[in-house]
Amino acid sequence: GRLVRMRRQFPFAQIVVFGHSHIALIECDDDGFLIINPGSPTDRRQQPAHTMAELILHAGRAPVVAIIELDFEARDSVPNL
């Protein structure tokens, strides 16, 4: 029911980005109405990874959206000097 609730709350929007739950989510209705929760890059709560969303918009084309997991091992983040 989240798509229905968001559409009711934002009747003129084509895309709604929301948060608070820290749970990454992408949902799209049949007519292209899109809701996105990017998750959280800082507080993953019960989720398996820190996340963010990437949204790419081009005039006349459908949006491209992806959830990006940010977690990586520390050895990958510091160059070996």
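What about S21, is it touching a strand residue (DSSP E or B) at 6+ places or on another chain (Cβ under 9 Å) and either aromatic (F, W, Y) or surrounded by fewer than 13 Cβ atoms within 10 Å (Cβ to Cβ) (or both)? So that I can check it myself, show each step before the final result.
Working: touching a strand residue (DSSP E or B) at 6+ places or on another chain (Cβ under 9 Å): yes; either aromatic (F, W, Y) or surrounded by fewer than 13 Cβ atoms within 10 Å (Cβ to Cβ) (or both): yes.
So S21 fits the description; yes.
Check R7, R44, R75 and return the single one that is surrounded by 14 or more Cβ atoms within 10 Å (Cβ to Cβ), of a type in the set (K, R) and at pLDDT below 90. Please lay out each step first, then the result.
Working: R7 fails: at pLDDT below 90; R75 fails: surrounded by 14 or more Cβ atoms within 10 Å (Cβ to Cβ).
Just a single option satisfies the conditions, and that option is R44.
When region 47-64 is filtered for residues that are open to solvent by less than 40 Å² (accessible area, probe 1.4 Å) and either in a strand (DSSP E or B) or among the charged types (D, E, K, R) (or both), the ones remaining, listed by number, are T51, A53.
The values are calculated or read from the model by the stated rules, or taken from the named source; none is laboratory data. These numbers were taken from a predicted model, which means no experiment stands behind them. Every residue, glycine among them, receives a Cβ derived from its backbone with ideal geometry; neighbour counts consider all protein chains shown. To get the accessible areas, we keep the full protein, side chains included, count just its heavy atoms, and leave off ligands, DNA and RNA. Shrake-Rupley method; radii C 1.70, N 1.55, O 1.52, S 1.80 Å.
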